[in-house]
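Working notes for the structure below.
The values are calculated or read from the model by the stated rules, or taken from the named source; none is laboratory data. Note that this is a predicted model, so its numbers are computed, not measured. Cβ sites come from the backbone with ideal geometry, for glycine too, and all protein chains shown count toward neighbours.
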Amino acid sequence: MRVIAGKAKGHSLKCPKEPHIRPTADMIRGAIFSALESLPIDWTPTLDLYAGTGALGIEALSRGAEEADFVEQNPKCCSIIKENLEHTGFTEKARVYRLEARKAIRTLHKQYGLVFMDPPYSDRTTQTIMKDMASSDLVGRQSTIVMEHSQRTNPESSYGEFQMTKRLRHGDTCVSIFRQGGGPN
């Protein structure tokens with residue numbers, strides 16, 4: 001796994017060797033960022049919820065986000081995110097929070113331009129978390145939410161004011177992109 005583009009292009013990223021950790025593959029990450037680049041998106045600040053290795057947030061930093069927050073409840077993953085941030089030179093632009101996603105939505109006090117949600121495919125609370133995120137103070141009119149999920153998960157076409165604008169699929173991996181009103185704001 002590596003950073004695909006930008007300032008840290010080519011830097012390898014560490015990944016824990018645990019069966020339940022499923023980092024976003026380079027090909028999927030490339031497709032996500034290609035789709036995002038076609039939309040008028042404010043990349044800063046970025047929130048990487050269910051951060052795992054931090055690959056999505058680090059890719060955003062590499063491509064120009066000025067700051068990113070990483071939320072992950074697994075302590076081993078939090079350590080790896082910190083190592084990956086140090087290796088790519090983005091430590092000063094990032095904060096890592098060891099929190100469960102629902103608690104992060106209630107306790108963080110910042111509005112994000114770009115939110116990545118990559119929960120475990122087996123997580124049955126994904127729809128609820130998405131509803132919580134869409135109605136939280138963490139997002140606003142200019143925010144974009146990117147949700148990675150299994151093709152067996154069928155997200156709703158809208159959550160509050162956020163409507164699905166794009167959906168990508170590669171194998172079992174799907175990515176749904178949500179914006180307020182469904183289009184440019």
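Tell me, yes or no, whether the range 84-93 has at least one residue that is more than 25 Å from Cys15 (Cβ to Cβ) and either surrounded by fewer than 15 Cβ atoms within 10 Å (Cβ to Cβ) or touching a residue at least 12 places away in the same chain (Cβ under 8 Å) (or both). No, the conditions are met nowhere in the range 84-93. The residue pairs whose first member lies in the range 18-43 and is within 10 Å of Glu59 (Cβ to Cβ) and modelled with pLDDT under 85, whose second member is of a type outside the set (S, T, N, Q) and surrounded by fewer than 17 Cβ atoms within 10 Å (Cβ to Cβ), and whose beta carbons are closer than 7 Å, counting only pairs six or more residues apart or on different chains, are Asp26/Met1; Asp26/Arg2. Restricting attention to the range 11-53, the residues being closer than 22 Å to Val139 by Cβ and touching a Cys at 6+ places or on another chain (Cβ under 8 Å) number 2. Tell me, yes or no, whether the range 52-62 has at least one residue that is more than 21 Å from Ile4 (Cβ to Cβ) and either surrounded by fewer than 19 Cβ atoms within 10 Å (Cβ to Cβ) or without any contact (Cβ under 8 Å) to a residue 60 or more places away in the chain (or both). So far as the range 52-62 goes, no, none of its residues is more than 21 Å from Ile4 (Cβ to Cβ) and either surrounded by fewer than 19 Cβ atoms within 10 Å (Cβ to Cβ) or without any contact (Cβ under 8 Å) to a residue 60 or more places away in the chain (or both).
Let's see how each residue does on (1) without any contact (Cβ under 8 Å) to a residue 60 or more places away in the chain; (2) under 27 Å from Gly64 (Cβ atoms); (3) crowded, with 20+ Cβ neighbours inside 10 Å:
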| position | (1), (2), (3) |
| --- | --- |
| Ala104 | yes, yes, yes |
| Leu114 | no, yes, yes |
| Met117 | no, yes, yes |
| Tyr121 | no, no, no |
| Thr125 | yes, no, no |
| Met130 | yes, yes, yes |
| Asp137 | yes, yes, no |
| Gly140 | yes, yes, no |
